[in-house]
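Enquirer: First, the structure itself, so that you have it in front of you.
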Amino acid sequence: MPIVTQPLPLPRRFGPAELDRLTAMVEQRSLFYWQGPQTGALGVEFRKHYPFKHIFPCSSGSASLHIAVASLRLKPGDEIIVSPITDMGSVIGIIYQQGVPVFTDLDPRTYNMDPEHIRRAITPKTRAIMAVHLTGNPCDMTAINAIAREHGLAVIEDCAQSWGARHQGIPVGLMGDLGCYSFNDFKHVSCGDGGIVGTNRDDLGAGLSKWGDKCYDRVTGARDPADLAPNYRMSEPLAAIAAAQLTKLDHIVAQRGRNGARLTTALADVPGVLPPVTRPGDFHSYWFYMFRLDLPKLRLNRDEFAAALRAEGVTANPGYLPMPVYRYQVFRHHNFFGGTWPARLLGATTMDYTQVHCPVAEAILNESITLPINEAMDDGYIDQVAAAIRHVAKLAAR
Ligand SMILES: *Cc1c(COP(=O)(O)O)cnc(C)c1O
């Protein structure tokens, strides 16, 4: 009999709230975002959590990050410091704007960017720091903002995994210059695919819609784009669902935060197991749960440990990404535009991703196990998962 006796609890994510909004939507004569009622409702719901002055709902988290990067008006070769453990969405926009993602190493226990490594990565070409709040754990925004101020850098917060997370009481996204969020289907809240970007800076705010809507001016209707910008709009059907989803955000985040914290507390004294660390005063909203193994203390390797957990009924997976982003083929081969990298060909950067090495990030990926966390789990389920991890660790102890 496995220790975890219940199947993985799964929440019902969509229901009457979404249906109500969709029903109202089909009565509309237009599904276009501009002055659309669902887009308006999405803005109202979003601002209850994130009271940005300027927002732009868009087609994905990646789009929100591309818009944020584009609004900084990079010159070819300008650098943005970013985490090597993240989604491609963090870096796609940087590359498309002819910028250079500079990957810096992580804190071994929070899995977030280490401010000391950020400081060392700054060059005269650095324009911004992209703070990726990985797994739902807030980055040390106090330290990151201090570095940014000192060096005149912008801060973009990638909050795709961290809906509802707070650093020292402040929701993530509101502390940097631009906050970026994803509604892709795997995130805390989903409309299938979508995103939203916000800023409190007036100089960047007007640009958000411009950089996400072909550089068209919807206010005046003028059609003479001054810059090249993609169409990253979100249409009314998706805004309807996203708006309904955000009415559930507080509940989803509270439950996930509670469940993750309960597991972390339960694992605190398990030999060979290193639960994630949340800085005091911060709130981790647990998009998923990642813990590390102290392998010298164990007779099992990481994959064997994960298999032993699965045998005990835990939905455990070895690792998160197979490798850091700089090891992906596209980066290893600088294969960005038809097999080439114009910024490098032009001499605007000497970056060579084959030479990048972030040992802590690599260790995190090689030594970690990931588990799902969701709002449908109760204390009993979390306690069974903790008991299974404790049991496997005890059997595997040297
Ligand atoms: C999911 C994710 C993105 C991209 O979001 P999409 O909506 O899938 O484009 C960006 N950054 C991080 C850290 C993510 O987890």
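The values are calculated or read from the model by the stated rules, or taken from the named source; none is laboratory data. Everything quoted here is computed from the prediction, not taken from an experiment. Methodologically, a virtual Cβ is constructed for each residue, glycine included, from the backbone with ideal geometry; neighbour enumeration extends over all protein chains shown.
Enquirer: Can you confirm whether Val270 is of a type in the set (A, V, I, L, M), out of contact with any Cys (no Cβ under 6 Å at 6 or more places or on another chain) and outside the structural domain of Leu293 (by TED's automatic domain parsing)?
Expert: no
Enquirer: Could you tell me whether any residue of the range 246-261 is touching a residue at least 60 places away in the same chain (Cβ under 8 Å), outside any helix (DSSP H, G or I) and within 18 Å of the chain's Cα centre (by Cα)?
Expert: Checked the range 246-261: no residue is touching a residue at least 60 places away in the same chain (Cβ under 8 Å), outside any helix (DSSP H, G or I) and within 18 Å of the chain's Cα centre (by Cα).
Enquirer: Just to be sure, is Val91 closer than 30 Å to Gly260 by Cβ, within 11 Å of the ligand (Cβ to nearest atom) and among the β-branched types (Val, Ile, Thr)?
Expert: Against the criterion (closer than 30 Å to Gly260 by Cβ, within 11 Å of the ligand (Cβ to nearest atom) and among the β-branched types (Val, Ile, Thr)), Val91 qualifies.
Enquirer: Here is a further query. Somewhere in the range 7-17, is a residue over 24 Å from Ala376 (Cβ atoms), modelled with pLDDT of 95 or more and charged (D, E, K, R)?
Expert: Looking for residues that are over 24 Å from Ala376 (Cβ atoms), modelled with pLDDT of 95 or more and charged (D, E, K, R), one finds none in the range 7-17, hence no.
Enquirer: Looking only at the range 80-98, count every residue that is more than 13 Å from the chain's Cα centre (by Cα), under 22 Å from Leu321 (Cβ atoms) and either touching a residue at least 40 places away in the same chain (Cβ under 8 Å) or crowded, with 23+ Cβ neighbours inside 10 Å (or both) and tell me the total.
Expert: 5
Enquirer: Output yes when any residue across the range 26-33 is surrounded by 15 or more Cβ atoms within 10 Å (Cβ to Cβ) and either modelled with pLDDT under 95 or closer than 19 Å to His188 by Cα (or both), and no when none is.
Expert: no
Enquirer: Moving to a separate point now. Considering only residues that are of a type in the set (A, V, I, L, M, F, W, C) and more than 12 Å from the ligand (Cβ to nearest atom), look in the range 40-68 and name the one that is farthest from Leu178 (Cα to Cα).
Expert: Residues of the range 40-68 of a type in the set (A, V, I, L, M, F, W, C): 41-42, 44, 46, 52, 55-56, 58, 63, 65, 67-68.
Adding the requirement that they be more than 12 Å from the ligand (Cβ to nearest atom) leaves 41-42, 44, 46, 52, 55-56.
Details: Ala41: 21, Leu42: 18, Val44: 18, Phe46: 15, Phe52: 9, Ile55: 10, Phe56: 11 Å.
Here the residue is Ala41.
Enquirer: Tell me which residues, restricted to the range 137-151, are within 17 Å of the chain's Cα centre (by Cα) and either over 22 Å from Gly257 (Cβ atoms) or within 16 Å of the ligand (Cβ to nearest atom) (or both).
Expert: If the condition is that a residue be within 17 Å of the chain's Cα centre (by Cα) and either over 22 Å from Gly257 (Cβ atoms) or within 16 Å of the ligand (Cβ to nearest atom) (or both), then Asn137, Pro138, Cys139, Met141, Ile144 are the ones that fit.
Enquirer: Still on this structure, I have one more. In the range 126-145, how many residues are assigned to a strand (DSSP E or B), more than 10 Å from Cys159 (Cβ to Cβ) and not β-branched (Val, Ile, Thr)?
Expert: Count: 3.
Enquirer: Given the conditions (1) closer than 20 Å to Ala261 by Cα; (2) of a type outside the set (D, E, K, R); (3) within 16 Å of the ligand (Cβ to nearest atom), which single one is not true for Ile129?
Expert: Exception for Ile129: condition (1).
Enquirer: Among the residues in the range 14-27, are any more than 25 Å from the chain's Cα centre (by Cα), outside any helix (DSSP H, G or I) and in contact (Cβ under 8 Å) with a residue 24 or more places away in the chain?
Expert: No, the range 14-27 contains no residue that is more than 25 Å from the chain's Cα centre (by Cα), outside any helix (DSSP H, G or I) and in contact (Cβ under 8 Å) with a residue 24 or more places away in the chain.
For (1) surrounded by 20 or more Cβ atoms within 10 Å (Cβ to Cβ); (2) away from the ligand (no atom under 13 Å from the Cβ); (3) within 20 Å of Leu42 (Cβ to Cβ), each residue gets a yes or a no:
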{"position": "Leu153", "(1), (2), (3)": "yes, yes, no"}
{"position": "Ser162", "(1), (2), (3)": "yes, no, yes"}
{"position": "Gln168", "(1), (2), (3)": "no, yes, no"}
{"position": "Val197", "(1), (2), (3)": "yes, no, yes"}
{"position": "Gly205", "(1), (2), (3)": "no, yes, yes"}
{"position": "Trp211", "(1), (2), (3)": "yes, yes, yes"}
{"position": "Lys214", "(1), (2), (3)": "no, yes, no"}
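Enquirer: Is it fair to say Gln35 is more than 16 Å from the ligand (Cβ to nearest atom) and in contact (Cβ under 8 Å) with a residue 24 or more places away in the chain?
Expert: So Gln35 does not fit the description; no.
Enquirer: For the range 351-370, does any single residue satisfy the condition of being surrounded by 15 or more Cβ atoms within 10 Å (Cβ to Cβ), closer than 23 Å to Pro11 by Cα and of a type outside the set (A, V, I, L, M, F, W, C)?
Expert: So far as the range 351-370 goes, yes, one or more of its residues are surrounded by 15 or more Cβ atoms within 10 Å (Cβ to Cβ), closer than 23 Å to Pro11 by Cα and of a type outside the set (A, V, I, L, M, F, W, C).
Enquirer: Also, quick follow-up: State which residue pairs qualify: first residue free of Cβ contacts under 8 Å to residues at least 12 places away in the same chain and inside the range 222-234, second residue surrounded by 18 or more Cβ atoms within 10 Å (Cβ to Cβ) in any location, beta carbons under 6 Å apart, and separation of 6 or more residues or different chains.
Expert: As it stands, the answer is Pro225/Cys215, since those pairs meet every condition given.
Enquirer: Now, a different point. Could you list, in sequence order, all residues of the range 290-315 that are surrounded by 24 or more Cβ atoms within 10 Å (Cβ to Cβ) and either in a loop (DSSP other than H, G, I, E, B) or in contact with a Gly (Cβ under 6 Å, 6 or more places away or on another chain) (or both)?
Expert: If the condition is that a residue be surrounded by 24 or more Cβ atoms within 10 Å (Cβ to Cβ) and either in a loop (DSSP other than H, G, I, E, B) or in contact with a Gly (Cβ under 6 Å, 6 or more places away or on another chain) (or both), then Val314 is the only one that fits.
Enquirer: Determine which member of the set Ala146, Ala68 is farther than 20 Å from Thr350 by Cβ and either surrounded by 21 or more Cβ atoms within 10 Å (Cβ to Cβ) or of a type in the set (Phe, Trp, Tyr) (or both).
Expert: From the options Ala146, Ala68, the qualifying one is Ala68.
Enquirer: List pairs: first in the range 61-72 and outside any helix (DSSP H, G or I), second more than 7 Å from the ligand (Cβ to nearest atom) and of a type in the set (A, V, I, L, M, F, W, C), Cβ under 9 Å, 6+ apart or cross-chain?
Expert: As it stands, the answer is Leu72/Ile80; Leu72/Ala128; Leu72/Ala154; Leu72/Ile156; Leu72/Leu178; Leu72/Leu204, since those pairs meet every condition given.
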